[in-house]
Amino acid sequence: MSTTDAPQAVLRLESVRKTFGTSVVLRDVDLEVAPHTVTALIGSSGSGKSTLLRCANLLEEIDDGAVFLDGEEITDPRVDPDTVRRRIGVVFQAYNLFPHMTVLENITLAPRRVHGVPRDEAEDRARELLERLGLGDRAGAYPDRLSGGQQQRVAIARALAVRPRLLLLDEITAALDPELVGEVLGLVRELKEEGMTMVLATHEMGFARDVADQVCFLDGGVVLERGTPAEVFGAPRQERTRRFLSRLVEAGRL
Amino acid sequence: MTAEHPATAAVALPETQAPSDAYVPSARRLERERIRRARTRRATTVATVSTVVTGTVLVLAVLASPGWPRTRETFFSAHYAREALPKVLDGLLLNLRLLVICGAAVLALGLLLAIARTLRGPVFFPLRALATAYTDFFRGLPLVICLLLVVFGVPALRLQGVTTDPVLLGGTALVLTYSAYVSEVFRAGIESVHPSQWAAARSLGLTHRQALRHVVLPQAVRRVVPPLLNDLVSLQKDTGLVSIAGAVDAVYAAQILAGKSFNYTPYVVAGIVFVALTIPLTRFADWTTARMDRRRTQGGIA
């Protein structure tokens, strides 16, 4: 296990390579996420954003390189992936709530089963979270009865219930209609203010510019451009980035 | 049997809980509803008439057939039915006992086999291979042959401490065959749960086992309740096959009586008893499934 440089980073990717069959999805990706910062991954569909997040959570096995969580190499085969995942929260594009459980059961599942929190305590914490997210009255409802925006907020509550060290958000507003996007993004903004470390793949460029401390533009499995939002959006160095951004401007999305 | 199906049946006016605004149905709406009601009435009439006509024709056709008096005596004799019913019901107790005990064993073993087949990793290879071989073999083996082999083959081995009771051995054979079927049903259910559910469970830190137990299996089992019930009904009927080993169940009881009197009414009685048994089972399963769905999606678009 090498913990040579930058042990302060919560998440660090070092020359990560990932292939599916013959297609190379990530090649030589480096990334560093400092505590209490937000990193936005932008790029067109298929550029590798989601794969990068899945690799960081060990849902995908990388081919080469290494991923470090708090300085510990988690891609070491001897590391138990379950203990790693306990420290990372994930929110998916399609919410992936458990349809056979109520909202409260969805949120308390991991605290109770994985972290051994007693039922009462887990439920109190879940209700507190729901209250904060404006869903206090929906604790007993099943996910199918909620709107998309409510479901996504429940998914965020579920990820937060175990007090993760790092939160990975995979295009969490992509399946929501514009009216509901705002309520979910507002929540992410609040989390940032509380100091949560987050990595988010997003198509909401305005939001990325507002909230992110670091923006990474992925293209063809490579981090083509990385910097502060002002640098990436204001003065992109790469031709490819400029084209991507200008297309967004044309589409009225930036 | 209806020529015109009542698709537009009875759209009830929500008059019972009047909305707060001063809404008065327009003439257009009233006219529309009048037409719908008239159409529903007509459909109901057509259905009733056609049912009565079809039923009458069927009954007349049977009653007018040249062999009917003889058939009625041989298959539908009230005298023999009265005589057969208590014996058939006695035998049915054995079928029911077999159904309950074998059914529970089949569900448990089937689920274990299905889980064994979903395990990943080289450690579990032997288990996985064994479960696969088991399902392949017992699903292919005809039930009657399985029964004959177990019921007559096992006692022939003269193993110490192994039963020779035909009911126990017959039950074992039923469990062997049916657990292979049921394990495939469970496996299909497990595989029908979307991979994103696994991903969500694992990303919360749940182990494979916990994800299976709390997230995947509850959804899988719910989905396969109807096909499982199908297998249980089928098992219920096949419990009659243990009679080949000499156990007296409902079918065998009927056979004994029919053999004595050369009257087939006992078979009809046994058949009716079996049908009467499966119908409540089916309705019960429909009801539970519907209730689960309702609870989950109430108020939403399922």
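With the condition kept exactly as written, say whether any residue in segment B:58-74 is assigned to a helix (DSSP H, G or I), more than 22 Å from residue B:272 (Cβ to Cβ) and without any contact (Cβ under 8 Å) to a residue 24 or more places away in the chain.
yes
Looking at segment B:263-286, is at least one residue under 28 Å from residue A:144 (Cα atoms) and within 14 Å of chain A (Cβ to nearest Cβ)?
no
Would you confirm whether any residue within segment B:245-254 is without any contact (Cβ under 8 Å) to a residue 60 or more places away in the chain and either more than 10 Å from chain A (Cβ to nearest Cβ) or within 26 Å of the chain's Cα centre (by Cα) (or both)?
No: segment B:245-254 contains no residue that is without any contact (Cβ under 8 Å) to a residue 60 or more places away in the chain and either more than 10 Å from chain A (Cβ to nearest Cβ) or within 26 Å of the chain's Cα centre (by Cα) (or both).
Yes or no, residue by residue, for (1) among the β-branched types (Val, Ile, Thr); (2) within 14 Å of chain B (Cβ to nearest Cβ):
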| site | (1), (2) |
| --- | --- |
| A:95 | no, yes |
| A:124 | no, no |
| A:132 | no, no |
| A:140 | no, yes |
| A:150 | no, yes |
| A:160 | no, yes |
| A:171 | no, yes |
| A:189 | no, no |
| A:197 | yes, no |
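Being modelled with pLDDT under 95, within 23 Å of residue B:217 (Cα to Cα), in the same structural domain as residue B:239 (by TED's automatic domain parsing) and surrounded by fewer than 17 Cβ atoms within 10 Å (Cβ to Cβ) narrows it down to one of B:141, B:127, B:149, so name that one.
Testing whether each residue is modelled with pLDDT under 95, within 23 Å of residue B:217 (Cα to Cα), in the same structural domain as residue B:239 (by TED's automatic domain parsing) and surrounded by fewer than 17 Cβ atoms within 10 Å (Cβ to Cβ) leaves just B:127.
Within segment B:103-117, can one find any residue that is surrounded by fewer than 18 Cβ atoms within 10 Å (Cβ to Cβ) and either touching a His at 6+ places or on another chain (Cβ under 6 Å) or over 30 Å from residue B:195 (Cα atoms) (or both)?
Within segment B:103-117, none of the residues are surrounded by fewer than 18 Cβ atoms within 10 Å (Cβ to Cβ) and either touching a His at 6+ places or on another chain (Cβ under 6 Å) or over 30 Å from residue B:195 (Cα atoms) (or both).
Looking at this structure, is residue A:191 in contact (Cβ under 8 Å) with a residue 24 or more places away in the chain, in contact with a Leu (Cβ under 6 Å, 6 or more places away or on another chain), outside any strand (DSSP E or B) and surrounded by fewer than 21 Cβ atoms within 10 Å (Cβ to Cβ)?
Here the answer is no, as residue A:191 does not meet what is asked.
Please go through (1) part of a loop (DSSP other than H, G, I, E, B); (2) buried (at least 19 other Cβ atoms within 10 Å of the Cβ) for residue A:237 and return the number of the only condition it doesn't satisfy.
It is condition (2) that residue A:237 fails.
Mind checking whether some residue in segment A:11-32 is closer than 22 Å to residue B:202 by Cα and surrounded by fewer than 21 Cβ atoms within 10 Å (Cβ to Cβ)?
yes
Which residue is farthest from residue A:40 (Cα to Cα), if the candidates are limited to segment A:167-188 and must be part of a helix (DSSP H, G or I) and among the charged types (D, E, K, R)?
That would be A:179.
Based on this model, can you work out whether residue A:199 counts as touching a Leu at 6+ places or on another chain (Cβ under 6 Å) and part of a strand (DSSP E or B)?
Considered against the rule, which asks whether it is touching a Leu at 6+ places or on another chain (Cβ under 6 Å) and part of a strand (DSSP E or B), residue A:199 comes out as yes.
Can you give me the number of residues within segment A:97-110 that are more than 9 Å from chain B (Cβ to nearest Cβ) and either in contact with a Lys or Arg (Cβ under 6 Å, 6 or more places away or on another chain) or crowded, with 23+ Cβ neighbours inside 10 Å (or both)?
4
Being crowded, with 20+ Cβ neighbours inside 10 Å and in contact with a Lys or Arg (Cβ under 7 Å, 6 or more places away or on another chain) is the filter here; which residues of segment A:140-162 pass it?
Passing the criteria: A:142, A:150, A:161, A:162.
Quick grid of which residues meet (1) surrounded by fewer than 11 Cβ atoms within 10 Å (Cβ to Cβ); (2) closer than 28 Å to residue B:237 by Cβ:
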{"position": "B:28", "(1), (2)": "yes, no"}
{"position": "B:53", "(1), (2)": "no, no"}
{"position": "B:57", "(1), (2)": "yes, no"}
{"position": "B:63", "(1), (2)": "yes, no"}
{"position": "B:70", "(1), (2)": "yes, no"}
{"position": "B:84", "(1), (2)": "no, yes"}
{"position": "B:87", "(1), (2)": "no, yes"}
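Can you name every residue in segment B:217-233 that is of a type in the set (S, T, N, Q) and within 10 Å of chain A (Cβ to nearest Cβ)?
Residue satisfying the conditions is B:219 alone.
Against the condition modelled with pLDDT under 90 and either assigned to a helix (DSSP H, G or I) or surrounded by 17 or more Cβ atoms within 10 Å (Cβ to Cβ) (or both), how does residue A:47 come out, does it pass?
So residue A:47 fits the description; yes.
The values are calculated or read from the model by the stated rules, or taken from the named source; none is laboratory data. No experiment lies behind these values; they were computed from the predicted model shown. Please note: Cβ atoms are built from the backbone with ideal geometry, for glycine as well, and neighbour counts cover all protein chains shown.
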